[in-house]
Structures are given as structure tokens and as C-alpha cells.
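I have placed the structure first, in the form of C-alpha cells, so that the comments after it can refer back to it.
The values are calculated or read from the model by the stated rules, or taken from the named source; none is laboratory data. The structure displayed is predicted, hence computed values, not measured ones. Quick reminder, even Gly has a Cβ in these numbers, built from the backbone with ideal geometry, and neighbours come from all protein chains shown.
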Amino acid sequence: MSDAVRPVMPPTPPRNLPRAFKGMFDLIRDKEETRHVFTIVRAMNGDSMRPAFDRFHASAAGRRWREDREHLLRAMSDRDTLRRLPPGTLGRIYVDFMDREGLSTNGVQDAARGSGYDYDAMERDHPDLYVFSWFNNLAHDLHHIVTGYGRDGLGEAALLAFTHEHTGSAGANFIAHMGGLKARVDAPRVPVGRILREAHKIGRRAADFMAIDWTALLSLPLEDVRAQLRLTPPETYLAVPKHVLDGIGNPKPTTKPQTA
């Protein structure tokens, strides 16, 4: 890519720690409110994602996004086609996951809009940043599947620790480790620190997630995709019983006193 046509990341706002901690408090209260994630990321990131932005746009995947920014959304939204893929393929596992969890294909992007991101202005004024942001948002649920991290509170924190090794996002790293503190309170016997360190280690060893053409992988067996992306199982996380994971980050039910 020549300097004359190289995409340029626009200036980023300064970090705002009070806003980040307020967003983290709101996220801890309701981990399903994904919009709080973007409040934190916007408050913490600064220019931490600039190297990832450059790698994305220097890759074949980035060039394809600039030429046809809706190609991945079309592929991931075509659930009938994905359901016809053989069991065990990434696309089939993805559509089963989305159906089971009741998730929208573009849900992460919608949550970002709900947090105050003006994507219409970004698309108009900074189209290269827009496609970079959308690429990461749209692929988030694929990241869950290929890494093996679930949607429980600790799984989300570990996934953000993993993706921090690829995006460089200071906001993602902040959420991962603040979420880890909450997980230690909810499940003090779970080796949270080891799980997060393992996530960082797996992320460092993996292929660059900023250069992946996900559409080319949807029809492949998941294990082949993991091998191609140099992903190893998060064994420490997977050893935690599901009922324990499900209790992390969720409000504890209150018991009303019985009356005579």
C-alpha cells in the first residue's frame, strides 16, 4: 500500500478515567448491556488501537472491506445458508450459537450505536475507521466460537484479554482485568488470574486477528479453523464447571423474609 493511499486513523479523544470507571460500574450491574463496553472503550482507548488499524488496512481482509464493506454481514446474516453447512463447520456452529443465544448478527454494532457512537458521521467523515470498527464488532461472536470462551462474565473478560493482544485496545484490557476483579469476588476459588494470563498467552501465539477473512473460513471444520489460526484450547477456563461460570457477573437473587 503506497503512502498516497494509506488509510489514516483520525485523532482520538484523550482518556477519561472517571467515565471509564462509571461505565465499568454500570457494566458490572448488568453485563448484558453491551453499550457500557463501548462507553468504557471510548473513555480508555486513546490511540492504543492505531497499530491494529494499520495492520488491518494493510491486509487483504482490510482491502476487501474497503471494497465491499457489507460482505461479511451478508454472509453471517444468511442463516438459511449457514444452517445447510455440515455439522462441525464454523458457519454451522456460529448459526446454532446465535439461534441458541438469541443474538442478532449485527448486535454488537447496534450496542455501540446505543452507547453514543455516531456511526453515520464516522462512515461519512472517517470511512476507514468505520470499516475497521465494524470488522471488529461483527466478528466478536466468531471470536467466542473459535477461542472457546463463553458469554459468561469470566468468558467475556478472558476473550477481551485475548483480543487485546490483537487490537491493542486499552479499553478492552481495562474491562478484562476489572471484570477479573469482579469474578474473584463472585467465585473466589476460581483461578481467575491464571485464566486471564492464559488468555493473553493464547492471544500472543495466535495468527493476527486483524488480517482474517472470516467469510473464507465459514465452510471449514472448526478444528481446521483453529489450527489455521494457531489457537489452543483455554484449558484453565474450560476446567471451571458451567454452573460456576454462570454465576459470575450475575446479580445474586434476593430472598424475601417469610411472613407468618
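Listing for the model above:
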quantity: Which listed residue, of 104, 133, is farther than 24 Å from residue 247 by Cβ, surrounded by 19 or more Cβ atoms within 10 Å (Cβ to Cβ) and polar (S, T, N, Q); calculated: 133
quantity: Selected residue (only one of 172, 199 is aliphatic (A, V, I, L, M), within 25 Å of residue 229 (Cβ to Cβ) and at pLDDT 95 or above); calculated: 199
quantity: Failed criterion for residue 182 (all others in (1) closer than 20 Å to residue 236 by Cα; (2) modelled with pLDDT of 95 or more; (3) assigned to a helix (DSSP H, G or I) hold); calculated: (2)
quantity: Any hit, the range 144-161, residues being in a helix (DSSP H, G or I), aliphatic (A, V, I, L, M) and under 12 Å from residue 218 (Cα atoms); calculated: yes
quantity: Residues that are out of contact with any Leu (no Cβ under 8 Å at 6 or more places or on another chain), within 24 Å of residue 135 (Cα to Cα) and assigned to a helix (DSSP H, G or I), drawn from the range 210-237; calculated: 210, 211, 216, 223, 224, 226, 227
quantity: Which numbered condition residue 254 misses (of (1) surrounded by fewer than 13 Cβ atoms within 10 Å (Cβ to Cβ); (2) within 14 Å of residue 149 (Cβ to Cβ); (3) modelled with pLDDT under 95); calculated: (2)
quantity: Some residue of the range 34-50 being in a loop (DSSP other than H, G, I, E, B), surrounded by 15 or more Cβ atoms within 10 Å (Cβ to Cβ) and of a type in the set (Lys, Arg); calculated: no
quantity: Check on residue 205, exposed (fewer than 15 other Cβ atoms within 10 Å of the Cβ) and either touching a residue at least 12 places away in the same chain (Cβ under 8 Å) or more than 18 Å from the chain's Cα centre (by Cα) (or both); calculated: yes
quantity: The range 107-130, subset touching a residue at least 24 places away in the same chain (Cβ under 8 Å) and assigned to a loop (DSSP other than H, G, I, E, B), residue surrounded by the most Cβ atoms within 10 Å (Cβ to Cβ); calculated: 117
quantity: Qualifying position, being within 12 Å of the chain's Cα centre (by Cα), of a type outside the set (Lys, Arg) and within 27 Å of residue 238 (Cβ to Cβ), among 195, 175; calculated: 175
quantity: Cβ-Cβ under 9 Å pairs, at least 6 apart or on other chains, the range 238-260 side part of a helix (DSSP H, G or I), far side modelled with pLDDT of 50 or more and exposed (fewer than 13 other Cβ atoms within 10 Å of the Cβ); calculated: 244/189
